[in-house]
Amino acid sequence: MKNILKSLAVLAVATPLLTGCIEETFPTNGVTSDQVAGSSKSLESIVKGMPAYMKQWHIWTTNVFDFGYPSIIIAQNVMTNDMIQPYTGYQHFMYWQEVTINIDPTYLLSQINWYYLNFQVKAANEVIGMLPDPQSPEQIKYLAEALAYRSATYIDMARIYEFLPNETVSGVNSDGNDVTGLTVPYVTPDMTSDQLSNNPRLPHAAMSEKLLADLTRAEELFKSTTSARESKVFPDLAVVYGLMARVYMWDENYPKAAEYARKAISTGTGYAPLTQNEWFDKTNGFNSSNFNSWMWAIQYESNDDAVTTGQSSNWGSFMIAESNLGYSGQYGTNMMIDASLYASIDNADWRKLSWKAPAGSALSGLEPYISASKGASLKDYAGIKFRPGSGVVDQRATTFAVAIPLMRIEEMYLIEAEATAHTNASQGKELLENFMKTYRYSTYSCLASDTEGVVDECFKQKRIEFWGENVIFYDFKRLNKSVTRGYDGSNWPAAAQYNTNGRPGWMNWPFVDYEGNFNKGVEGFCNPAVGDKFKPAN
């Protein structure tokens, strides 16, 4: 196979990251069953390869930000207005936070994410291709799970890579082609090599049609089988409805989004929003999928390479502030909430205790730390939402063996409220108030009454509720929301204090231009570069 050599500029962090060189790179359609599921060829092993691949460690490089889907979640979050990685000499996600040239189409970072997501699709296609005519209840379940996995990956890719208008970056790329509204190529296991080698990016409407068709089939399959999922690392019928709600929100088909969010809420047994005690559980808070709020999750195991490695290249290393390990716990690169967002949260809202209050403020000293001394060492606004595994702060195999939420039932309540508000502001407001008063704090009141105001309030509550999760990036982009990082009292690093008018151009992610060597359908139709096009406000 052809080698690929992508130059990655010198990365300015204390621990050196070598210039990127990926050899023996497989094209998007070239992954094998062995790569997905190890040496076993059994169907069960291939099925287990789907959730396993989501947490794959060092897929392309030995860089510490290369740890599969969890690293993509972090990259997305630091590109919003809400989550900040402070600079301590170990700021490995600064390239996304500052939107540097390193994320452009000719650089390694765009390749890592693009190929990772395509290979995640391939992991699902391995299962789908083995089950053209499922017979047993278990086989039917496997096919339904694979269709849901593939759809979940494609709705993420579509929302990430679809080029939407913005004030800074034109939709006309360097080849002179307008890529506005284009998503990504869509791959199925029955495609021929000729089809795969000339597979163009789908327009928004065509991608939506394919996703809804696959999810409808998954729905029918789940309804027809009595075989239950093994754990929450696999999707179920409620998750399928949740994915359909996400697709309809992306499509701005708000009546359907509300309908399917309600189906997700009503399906299954026992789904319920987190209580205050569950949210702040010092042993299991946001590290365990056992709570009834969690619908779908990634689960790190104690023997996963990403957990056992001494390099701390995993989710917990960056997101768990209260451990004594990793870049956040050991080196103080604590992920923080934007100061203006924090200030906008009502002190009566118990979720505000998920971050360290500034010294002297009303909530300072009330945070539910695992250790008061550790809490004292954290930076103001540091997030303590994601607890170390089992509350253990200094044993790698336990501390980092955590679950990561992929879907929580709260998202469905807030999708339902926002989607309803787009067509009926008063009804949307009522749904939002009912959720907040019942599950968050009883004195909540939505002051807005018009459509724009209620939608904005739903957006704000999602920013608070899903800080650090894989949700809010997509809402910033869909709703054309501005990013405002440069202001008096900002806690953003000076080099990342960008202010935009509407959605940031950087939310249209570039993907590697080398893809055109394998797939002529995208040659000349890559997203424009976004790196080094934004200037700090101050």
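The values are calculated or read from the model by the stated rules, or taken from the named source; none is laboratory data. Owing to the predicted nature of the structure, the values given are computational and were not obtained by experimental measurement. Every residue, glycine as well, gets a Cβ built from its backbone with ideal geometry; the counts of neighbours run over all protein chains shown. When the accessible area is computed, the model is the full protein with side chains, heavy atoms only, and any ligands, DNA or RNA have been set aside. Shrake-Rupley method; radii C 1.70, N 1.55, O 1.52, S 1.80 Å.
Key figures
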{"read-out": "Condition met for N517 (open to solvent by 10 Å² or more (accessible area, probe 1.4 Å) and in contact with a Gly (Cβ under 7 Å, 6 or more places away or on another chain))", "value": "no"}
{"read-out": "Failed condition for N77, given (1) in contact with a strand residue (DSSP E or B) (Cβ under 8 Å, 6 or more places away or on another chain); (2) in a loop (DSSP other than H, G, I, E, B)", "value": "(2)"}
{"read-out": "All positions within region 132-149 that are open to solvent by 10 Å² or more (accessible area, probe 1.4 Å) and closer than 18 Å to M191 by Cα", "value": "P132, D133"}
{"read-out": "Helices (runs of 4 or more DSSP H) enclosed by region 171-271 - at least 2 residues per element that are of a type in the set (A, V, I, L, M, F, W, C), within 30 Å of V512 (Cβ to Cβ) and open to solvent by less than 40 Å² (accessible area, probe 1.4 Å)", "value": "204-224, 237-251"}
{"read-out": "Out of Y142, Y116, Y107, sole residue that is within 16 Å of P235 (Cβ to Cβ) and in contact (Cβ under 8 Å) with a residue 24 or more places away in the chain", "value": "Y142"}
{"read-out": "Members of region 100-113 found to be out of contact with any Asp or Glu (no Cβ under 7 Å at 6 or more places or on another chain) and buried (at least 24 other Cβ atoms within 10 Å of the Cβ), listed by number", "value": "I103, L108, L109, Q111, N113"}
{"read-out": "The listed residue being surrounded by fewer than 24 Cβ atoms within 10 Å (Cβ to Cβ) and either closer than 30 Å to S449 by Cβ or within 24 Å of the chain's Cα centre (by Cα) (or both), out of I384, I337, I345", "value": "I345"}
{"read-out": "Hits in region 284-325 - residues which are small (G, A, S) and part of a loop (DSSP other than H, G, I, E, B)", "value": "G285, S288, S289, S293, S302, G310, S312, S313, A321, S323"}
{"read-out": "Count of residues meeting criterion [open to solvent by less than 30 Å² (accessible area, probe 1.4 Å), β-branched (V, I, T) and assigned to a helix (DSSP H, G or I)] in region 430-480", "value": "4"}
{"read-out": "For N303: the one exception among (1) open to solvent by 10 Å² or more (accessible area, probe 1.4 Å); (2) touching a Phe, Trp or Tyr at 6+ places or on another chain (Cβ under 8 Å); (3) not basic (K, R)", "value": "(2)"}
{"read-out": "Boolean, S151 is modelled with pLDDT under 95, among the small types (G, A, S) and in a helix (DSSP H, G or I)", "value": "no"}
{"read-out": "Residue count, region 202-225 (criterion: aliphatic (A, V, I, L, M) and touching a Ser or Thr at 6+ places or on another chain (Cβ under 6 Å))", "value": "4"}
{"read-out": "Sole residue being in a loop (DSSP other than H, G, I, E, B) and under 22 Å from R463 (Cα atoms), chosen from S361, S328", "value": "S361"}
